[in-house]
1. Go through ARG53, ARG67, ARG24, ARG73 and list them by solvent-accessible area, largest first, probe radius 1.4 Å.
2. What nm distance separates the two modelled labels at ASP100 and LYS49, each placed 7 Å from Cα along Cα→Cβ?
3. Quote the accessible area belonging to VAL35 in square angstrom, nearest 10, computed with a 1.4 Å probe and with ligands, DNA and RNA left uncounted.
4. Could you give the distance between the Cα centres of region 32-74 and region 83-100, to the whole Å?
5. Pulled fully out, how much extra length does the chain show between CYS31 and ALA89, if you take 0.36 nm times their separation in residues and subtract their Cα-Cα distance?
Amino acid sequence: MMIANPPGPYSPAFLTSGDGSFARGFVASACLSAVYGGASGLPAQADLKRMLRHGLQGGAALTAGSRAASALRYGDYSSALIAAAAGAATVLLIENLLRDAARPSKDGHHGQET
């Protein structure tokens, strides 16, 4: 069912209508990361960084998914695709910026020039 006169994906009403999805995704993912991290007692700095990374990724993923679902509800398939792609790119960017020091990068150079 199409809704008449949907707000455009870049209209001020659409962009500023915060539905709290980022906060929900952040809290849920960070909590899961803390529980499944296996740390007992006070978390170490590496545990906090991992929880931050997972929280940011969860918030970005839930926000992108909410935006894509909203765009699909209005029949705006291009905006849904853009929201999903932006969400995936954001999750990858966060992973690269906040990667664990113990996990080497996949390129095999470990930050060294060749």
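1. The most accessible residue leads, giving ARG24, ARG73, ARG67, ARG53.
2. It is 1.1 nm.
3. Taking all protein chains as shown, VAL35 has close to 110 Å².
4. 11 Å
5. Residue separation times 0.36 nm, minus the Cα-Cα distance, leaves 18.6 nm.
The values are calculated or read from the model by the stated rules, or taken from the named source; none is laboratory data. Predicted model, so just to flag it, every value in this text is computed and none were measured. Positions of Cβ are generated from backbone atoms using ideal geometry, with glycine treated the same way; all protein chains shown enter the neighbour counts. The protein model used for the area step is the full one, side chains on, heavy atoms only, and it has no ligands, DNA or RNA in it. Shrake-Rupley method; radii C 1.70, N 1.55, O 1.52, S 1.80 Å.
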